[in-house]
Amino acid sequence: MKGLFARFGVGVALALELLFFGILSPHFFTPDNLLNVSLQISITAIIAAGMTLVILTGGIDLSVGSLVAISGVLSTSVLRMDAPYTLALPIAVLAGAAIGMGSGFAAGVFVTRFRITPFIVTLALMTIWRGTAFVYTEGRPVWELPESFAFLGAGRVVGIPFPTIVMVIVFFVVHVVLTRTRFGRYVYAVGGNVEAARLAGIRTSRVLTVVYVISGGLAAVSGILLASRMNSGQPNAGLMYELDVIAAVVVGGTSLNGGRGTVVGTLIGSMLIGVLRNGLNLLDVESYVQQVVVGAVILTAVLLDRMRSS
Amino acid sequence: MIPLLEMQEIVKQYPGVRALDGVTFELRAGEVHCLVGENGAGKSTLIKILAGALQSDAGTICINGAQVDIRTPSVAQSIGIGVIYQDPHLVPELDVAENIFLGHEPLVGASPFVDARRMHDEASSILARLGERIPTQTRSSDLTVAQRQIVEIARALSRKVKVLVFDEPTAPLTGRETENLFRLIGDLRHQGVGIVYISHRLEEILRIADRITVLRDGRRVVSVDADGVTIPQLVQWMVGRELSEEYPVIDRQVAEEVLRIEGLANARLRNIDLALHRGEILGVGGLVGAGRTEFVRAIFGADAITAGHMLLRGKPYMPRDPADAIAQGLGLLTEDRNGLGLFLQLSIRENLSISSLLQYIRRGVIDADAERRRVAEFVDALRVRPPNSELRVDTLSGGNRQKVVLARWLAANSDVLIFDEPTVGIDVGVKYEIYVLMNELAKEGKAIMVVSSDLNELIGISDRIAVMCDGRIAGILPRSEATNDAVMTLATAFASIEGAHA
């Protein structure tokens, strides 16, 4: 048991959890339920992939929840404009992505050029974008969207939910970037020791900025998927997502100090939390009690990971 | 006579390694007992056991003949054992007196309130006993490294210390500060404190030691009176064989100019002119604070340059940042190997290839096989031990870490190599290997610049020595004129030197 955990870490915890709910609930291991879980975790997991990069550099991005809202509101507003859908959709997606990446770029500039800590920069952006989403919509959801827009968040390709497919692609790409590219190597180096990275010839400002752009961009992708799923652009969408996302990354074994962790771990961390919520629902556990259990599991998972690495 | 401290047959076993294999160490009151050995010989393990930071697996410790069980650092402190580390651990926001009495503040009667006046009075009197006049209200973040060490010593004295351990105390100190520390150690000795002194600097050890214990591979080689011991003798005990030469024979040809520096200046540098040639090892000497590190950082693009110009291979050279300098063939081995040179949580391979990854990119991704092969070549050529590129670099000894940084620049095809204090904290045996490597690289036509505080090293390996003082070049000595005296005269050429490192 101990040796198993040392090898696979939080993956073992996930396997135990699957086994536990599989035994207790007959509905748990049905394909429908598993696809449903994947759909439920996809929105935050996609953001968590970007957050992993940020945390690996030793930073944090608190603005992602608000970016979900502003990108969803902006994209849906574009869709409501008088344009043929085939033209409006790409523009809507681009507009959403642009605001996410633009915000990430701004965060990168404040962090690298003005040397303000990421926590403060993204905390400010978090409230700025949340406020902007409410001001822009006057506090009302953006309704009456083209019906076909619902596909992004609720559609299926050969039975698999579209957001699940997006999630798998995002994780695959981020995994390859982290493990196989120069940029990925630089992310670990910058997170391990930023001054040593600079002296090794890494343009650290560039690496940091790109990481926030990716995080903002992926938050926007999730924002658009979520808007589609709710069939509306909601200014209060994605509230507190930043915390769920950070929890998934940390449970997945990535160190908040930077330099250590993997995106595969983040995927497992997202699944661990998602499966837990799903299983507790199937077992009719009251939602307030669920919060207590989720918190306890997060602490336990991180504690086990700490024991493993020491 | 019962010794002050007796450590008998101490054993410490780690998975796969026996760090201490029955080591016996004995300290008398009022003596300076030096502990020497290469990295990994077991010195720090022994000290950690004495300080309560580690537990031994077997063996006994007696103080004044009575057996003690040092389970925690606070037990060690309460029985009068103090350790002064190379980089003192003070709380930066607290003042000198608060740091000295941290954890045992004098209180007003039985109240929870600190008796500040008494604390400052007692702190002053302890400092006076050390012959130091540091105001007790100074915040410790405003102190120099040397002053912080003194505060650490005062802290130990405030706890009525009987055994005081110095772990490489002089590494961050200037010559003058070192003299002061030795005077202080002499005083403490006369007051009956038993002193354990650890250093890599053998000259230093022969100067202050009453007795010397040499460790090798977790065993005690010898414990002797220091009288009559010579450096070659010490080295032989440490490495277990005789080292015939301290420095390799210089048999290389200095060729054409590679780098010309004219009127270089910034906040710490003034009007520096210097030329570096292919096949040359150019030493850069001077006291700590003379601007040597600032000088090489400026050349490397790590610090801003405000005036002057440079020519690299005949073309104008003004690096925007280190990436720019590296692209043009420079490499810097930083003074602070662990803090600035390496990524301690990454592997040998990742550390080695970080500055040359472009070479292995195929279709956008790193060709892992090509990278491994190239890294293995360097690990092999430089004899990095152990020769496993996937090991985390923080498992290596100082000398092997230095080889990894050097290999990084060789992999990046750097031909102007700048070594800042290349052998600090490196074992005698590996030191020689590094000198040989530098010599070979110069022979291959690379241009090498070496900053060093070790005068013998500087004189032993350099073709020429540029001596810095107060941000300027005070003079350049050819090999034939490079003596300790000549270098020191230039190093103190300008009167304002005191201000430069205060």
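The values are calculated or read from the model by the stated rules, or taken from the named source; none is laboratory data. What you are looking at is a predicted structure, and each value in this text was computed from that prediction instead of being measured. As a convention, Cβ positions derive from the backbone with ideal geometry for all residues, glycine included, and neighbour counts pool all protein chains shown.
Can you pull out every residue in the range A:123-161 that is part of a helix (DSSP H, G or I) and free of Cβ contacts under 8 Å to residues at least 12 places away in the same chain?
A:A124, A:G131, A:V135, A:E147
How do the helices (runs of 4 or more DSSP H) wholly within the range A:220-310 filter down when requiring 3 or more residues that are exposed (fewer than 15 other Cβ atoms within 10 Å of the Cβ) and more than 20 Å from the chain's Cα centre (by Cα): which remain?
It comes to A:287-309.
May I ask you to say which residue of B:I70, B:I61, B:I47, B:I100 is within 26 Å of B:R201 (Cβ to Cβ) and modelled with pLDDT of 90 or more?
B:I47
Just give me the residues in the range B:361-371 being surrounded by fewer than 20 Cβ atoms within 10 Å (Cβ to Cβ) and either at the interface with another protein chain (Cβ under 7 Å from one of its Cβ atoms) or not in a strand (DSSP E or B) (or both), in sequence order.
If the condition is that a residue be surrounded by fewer than 20 Cβ atoms within 10 Å (Cβ to Cβ) and either at the interface with another protein chain (Cβ under 7 Å from one of its Cβ atoms) or not in a strand (DSSP E or B) (or both), then B:I361, B:R363, B:G364, B:V365, B:D367, B:A368, B:D369, B:A370 are the ones that fit.
Here are some conditions: (1) in contact with a helix residue (DSSP H, G or I) (Cβ under 9 Å, 6 or more places away or on another chain); (2) modelled with pLDDT under 95. B:I448 meets all but one. Which one does it not meet?
The number of the failed condition is (2).
Within the range A:187-203, can you find the residues that are more than 8 Å from every other protein chain (Cβ to nearest Cβ) and either surrounded by fewer than 24 Cβ atoms within 10 Å (Cβ to Cβ) or touching a strand residue (DSSP E or B) at 6+ places or on another chain (Cβ under 6 Å) (or both)?
A:V194 - this is the single residue of the range A:187-203 that is more than 8 Å from every other protein chain (Cβ to nearest Cβ) and either surrounded by fewer than 24 Cβ atoms within 10 Å (Cβ to Cβ) or touching a strand residue (DSSP E or B) at 6+ places or on another chain (Cβ under 6 Å) (or both).
Across the range B:417-436, what is the total count of residues that are more than 18 Å from B:P248 (Cα to Cα), out of contact with any Phe, Trp or Tyr (no Cβ under 9 Å at 6 or more places or on another chain) and within 14 Å of chain A (Cβ to nearest Cβ)?
Going through the range B:417-436 one residue at a time, the tally reaches 1.
Take the conditions farther than 30 Å from A:R198 by Cα, crowded, with 24+ Cβ neighbours inside 10 Å, small (G, A, S) and at pLDDT 90 or above and apply them to A:S38. Does it pass?
No; evaluated as a whole, the condition is false for this residue.
Take B:A226 and decide whether it is outside the structural domain of B:Y432 (by TED's automatic domain parsing) and touching a Cys at 6+ places or on another chain (Cβ under 8 Å).
Considered against the rule, which asks whether it is outside the structural domain of B:Y432 (by TED's automatic domain parsing) and touching a Cys at 6+ places or on another chain (Cβ under 8 Å), B:A226 comes out as yes.
Restricting the search to the range B:326-341, which residues are more than 8 Å from chain A (Cβ to nearest Cβ) and touching a strand residue (DSSP E or B) at 6+ places or on another chain (Cβ under 9 Å)?
The answer is B:Q328, B:G329, B:L330, B:G331, B:L333, B:E335, B:D336.
Name the one entry in B:L344, B:L352 that is within 8 Å of another protein chain (Cβ to nearest Cβ) and out of contact with any strand residue (DSSP E or B) (no Cβ under 7 Å at 6 or more places or on another chain).
B:L344
Restricting attention to the range B:280-322, report how many residues are over 25 Å from the mean Cα position of the chain (by Cα), crowded, with 19+ Cβ neighbours inside 10 Å and free of Cβ contacts under 8 Å to residues at least 24 places away in the same chain.
Of the residues in the range B:280-322, 1 are over 25 Å from the mean Cα position of the chain (by Cα), crowded, with 19+ Cβ neighbours inside 10 Å and free of Cβ contacts under 8 Å to residues at least 24 places away in the same chain.
Among the residues of the range B:388-416, how many are of a type in the set (S, T, Y) and either within 14 Å of another protein chain (Cβ to nearest Cβ) or crowded, with 20+ Cβ neighbours inside 10 Å (or both)?
Count: 2.
I need a count of the residues in the range B:57-111 that are in a helix (DSSP H, G or I) and closer than 23 Å to B:A128 by Cβ.
Residues flagged as in a helix (DSSP H, G or I) and closer than 23 Å to B:A128 by Cβ within the range B:57-111 amount to 6.
Can you tell me which residue among B:V196, B:V221 is assigned by TED's automatic domain parsing to the domain that holds B:R18 and either outside any strand (DSSP E or B) or farther than 24 Å from B:N64 by Cβ (or both)?
Going through B:V196, B:V221 in turn, just one is assigned by TED's automatic domain parsing to the domain that holds B:R18 and either outside any strand (DSSP E or B) or farther than 24 Å from B:N64 by Cβ (or both): B:V221.
Quick check: anything in the range B:339-354 among the basic types (K, R) and either more than 22 Å from A:N193 (Cβ to Cβ) or touching a residue at least 40 places away in the same chain (Cβ under 8 Å) (or both)?
Yes, that holds for at least one residue.
Of all residues in the range B:357-410, count the ones that are farther than 19 Å from B:I434 by Cα and either touching a residue at least 60 places away in the same chain (Cβ under 8 Å) or assigned by TED's automatic domain parsing to the domain that holds B:G429 (or both).
Result for the range B:357-410: 0.
Read through the list (1) at pLDDT below 95; (2) of a type outside the set (G, A, S); (3) in contact with a Leu (Cβ under 6 Å, 6 or more places away or on another chain), then give the number of the only condition that A:V275 fails.
(3) is the only condition that A:V275 fails.
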